[in-house]
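What follows draws every value from the coordinates through simple rules; no lab data is involved. Just so we're clear, the structure is a prediction, and the values are computed from it rather than from any experiment. Cβ: placed from backbone, ideal geometry, glycine included. Neighbour counts: every protein chain shown.
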Amino acid sequence: MISQDAKTAGKPKPNIGARLPHDVYAELVKLKDSTGKSESQLINEAIAAYLGLASEATVPDRVSQVENALAELQQQVQTILGKFQRLAIR
């Protein structure tokens, strides 16, 4: 993440607010639940990544990303298998 320099060390972090579309917020909540991170932490990481200020992902973060991708792939495979089975029956 972004490191603090001498000017900001010891000062409270600025607080901002934003309104999110319902679907974006729903995805944020799902990500919060699956990672165990707070909404604030996820939003902070997303903004830092967007600005090119993000540090490399930690191993637990990368493992979580791989697990989420694997779960999504498993769902897609099940969908494809179901379609294939229906075609084979015909």
Calculate one ³J(HN,Hα) per residue across the stretch 70-77 by plugging θ = phi - 60° into the Karplus curve 6.51 cos²θ - 1.76 cosθ + 1.60, and present them in order as whole Hz with x for glycine and proline. 5, 4, 5, 5, 4, 5, 5, 4
Over the chain - Rg/Rh using Cα atoms and the Kirkwood inverse-distance radius: 1.17
Could you give me the ³J(HN,Hα) list for the stretch 24-37, computed from phi with Karplus coefficients 6.51, -1.76, 1.60 and θ = phi - 60°, whole Hz, x at Gly and Pro? 5, 5, 4, 5, 4, 5, 4, 5, 4, 5, 7, 9, x, 8
What's the lysine pair count for the chain at a Cα cut-off below 27 Å, pairs eight or more apart or interchain? 5
Check which residues have an amide H placed less than 5 Å from ALA54's amide H, if you skip close sequence neighbours. ALA49
Residue by residue through the stretch 79-87, what is 3J(HN,Hα) from phi via Karplus (6.51 cos²θ - 1.76 cosθ + 1.60, θ = phi - 60°)? Round to whole Hz and write x for glycine and proline. 5, 5, 4, x, 5, 5, 5, 5, 5
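I need THR58, THR35 ordered by Cβ neighbour count within 10 Å, fewest first. Before the final figure, lay out each step's value.
On the way: THR58 9, THR35 16.
Taking fewest neighbouring Cβ atoms as first place, the list is THR58, THR35.
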